[in-house]
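Here's the structure we're looking at; comments come further down.
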């Protein structure tokens, strides 16, 4: 059998491969068209997002910027311009440059120079010791810190106090604050003052002056009396009743804070001094120095008197009496850590029903567990 071999020329090879070329070209064209359609869809979505956001700035985290920067660097500026992304090519490429720069940034590895900062717990304790003990100097404070486990030198104590505007020990001792004076005399100190209320009587609207005295440590308040004319004789009689040796509210008190109201006349102050109660007159126009009693007056008026129209002395006396009962036994006080002035006789039973106690027709209301 004789087989005849024909030589394979370039023309014959092109004829053999031509169908595969057509298939490859067709497939590439189809894929390119699909990619263009996907790109057009993404560009349309980006355009819609831009219209939706308007001028609002899109905030990205570091990971999102990194991902966009890596992909954007691969495409390059021209391709990014054609795509029309939410972020400009300059922005994406700037993120890429920052990413590269951060890779070679070793600033966080540099050791911090200078002395380490003083721990905040030491600063707080130093300030506390200095404020609570005005006579202590730097060495004494240093010794107390050493006792509780913190070893620092006296110059560090001095620097801490100077940075917070606290004077050295001897000067600080002479500059005793008003609050320090009050706290050191809580047990033997009281405050007195007048407040006024308008009452409708047969003769019309009359101003009554109400005299109250407060024991500062417990916040107990005593209603000394009321009058329409607080003259010297009436005020002196109030002093006589307050210092009564049997049941006077000022028994055991050494100091009585008062403002410079002319109603606290000289004879009133002299009577108190004779009964070993020293009048402490405040500077002019300084209500903050009698803040506890002033705060009581604010509560008395906002919670009771300003919300009532009082007809006659009896209504006024009853309103004050009811409020004082509410104030002492039912109302928690922020200055006493939200405790009552007169504590409950028995601890509340958690499973018992909650009862409401109303005074002055529901104007004053409190709650407690049923007995």
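The values are calculated or read from the model by the stated rules, or taken from the named source; none is laboratory data. Worth saying up front: this structure is predicted, and the values here are computed from it rather than measured. Note that we place each Cβ from the backbone using ideal geometry, even for glycine, and neighbour counts take in every protein chain shown.
Considered as a group, the residues in segment 324-338 that are free of Cβ contacts under 8 Å to residues at least 40 places away in the same chain and over 21 Å from the mean Cα position of the chain (by Cα) include one that is surrounded by the most Cβ atoms within 10 Å (Cβ to Cβ), and that residue is 330. For beta carbons closer than 6 Å, sequence separation of 6+ or different chains, a first residue in segment 355-371 that is closer than 9 Å to residue 330 by Cβ and a second that is not in a strand (DSSP E or B), the qualifying pairs are 359/322; 359/326; 364/326; 366/330. Of the numbered criteria (1) modelled with pLDDT of 85 or more; (2) in contact with a helix residue (DSSP H, G or I) (Cβ under 9 Å, 6 or more places away or on another chain); (3) exposed (fewer than 15 other Cβ atoms within 10 Å of the Cβ), the one residue 321 fails is (2).
Could you go through segment 294-308 and let me know if any residue there is outside any helix (DSSP H, G or I) and modelled with pLDDT of 85 or more. The answer is yes, given that some residue of segment 294-308 is outside any helix (DSSP H, G or I) and modelled with pLDDT of 85 or more.
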